[in-house]
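Take a look at the structure below.
The values are calculated or read from the model by the stated rules, or taken from the named source; none is laboratory data. The model shown is predicted, which means the values in this text are computed figures rather than measured ones. Glycine gets a Cβ as well: all are built from the backbone with ideal geometry, and neighbour counts include every protein chain shown. Please note that ligands, DNA and RNA were not included when accessible areas were found on the heavy atoms of the full protein model with its side chains. Shrake-Rupley method; radii C 1.70, N 1.55, O 1.52, S 1.80 Å.
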Amino acid sequence: MQLPNREQAIRLLKENSCPPQVITHCIAVADYALTVAHKLQDKDIKTDLPLIEAGALLHDIGRSKTHGVDHSLVGAQIIQSLRFPQSIVNIIKRHVGAGITPAEAQQLGWPKDDYIPQSIEEKIVCYADKRIDNGCVVPIETEISRLQKAGLSDAAERVRRLHIEITNLIGENP
């Protein structure tokens, strides 16, 4: 199956009973992710804009069933069951906490898999998700501080490293 366009992705969120605030968040993440992707393209870094948009819009579809960290797994299963490409499934399953290490996945009781963002598209969506709070772009330090306060210092460090990677590629803070 092809990637959904913006309207189709938003319809999927609604059909899966995602709360309105989740849909608003997903749209804001998609808009910011596309901003980051365009800045990367200005630096001659190729990105798949339709994949970024679809992945960002659907990254939290699993929140229709759970608000735990496993919403990424649930969302990936929903999208996989609809026979969408593996590239969008990977964005969804790898977006939480700037990735979940194998040890963390084992502690969570998740299936053995790779939950760390790898492709530039996965990294952009993950990064954009960390920068959006209540529909607005926030400083990366906001997310880092939240993770540290929650006792998730390893995740906070992964977010910091992702921020450095993206800003180094762009040459500025997006």
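Matching residues to (1) over 21 Å from Leu58 (Cα atoms); (2) small (Gly, Ala, Ser); (3) open to solvent by 40 Å² or more (accessible area, probe 1.4 Å):
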residue: Cys126; (1), (2), (3): no, no, no
residue: Asp129; (1), (2), (3): no, no, no
residue: Asn134; (1), (2), (3): no, no, yes
residue: Ile140; (1), (2), (3): yes, no, no
residue: Asp154; (1), (2), (3): yes, no, yes
residue: Val159; (1), (2), (3): no, no, no
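The single condition from (1) open to solvent by 30 Å² or more (accessible area, probe 1.4 Å); (2) closer than 18 Å to Val29 by Cβ; (3) among the charged types (D, E, K, R) that Lys149 fails is (2).
Scanning segment 128-171 for residues that are among the charged types (D, E, K, R) and out of contact with any Lys or Arg (no Cβ under 8 Å at 6 or more places or on another chain) returns Asp129, Lys130, Arg131, Asp133, Glu141, Arg146, Lys149, Asp154, Glu157, Arg158, Arg160, Arg161.
Is it fair to say Ala103 is closer than 19 Å to Pro19 by Cα, part of a helix (DSSP H, G or I) and either within 15 Å of the chain's Cα centre (by Cα) or free of Cβ contacts under 8 Å to residues at least 60 places away in the same chain (or both)? It is false that Ala103 is closer than 19 Å to Pro19 by Cα, part of a helix (DSSP H, G or I) and either within 15 Å of the chain's Cα centre (by Cα) or free of Cβ contacts under 8 Å to residues at least 60 places away in the same chain (or both).
Under the condition of being surrounded by fewer than 24 Cβ atoms within 10 Å (Cβ to Cβ), modelled with pLDDT of 95 or more and either under 24 Å from Ser153 (Cβ atoms) or aliphatic (A, V, I, L, M) (or both), the residues counted in segment 83-106 number 1. The set of residues in segment 3-24 being under 17 Å from Ile79 (Cβ atoms) and touching a residue at least 60 places away in the same chain (Cβ under 8 Å) consists of Leu3, Pro4, Leu12, Asn16.
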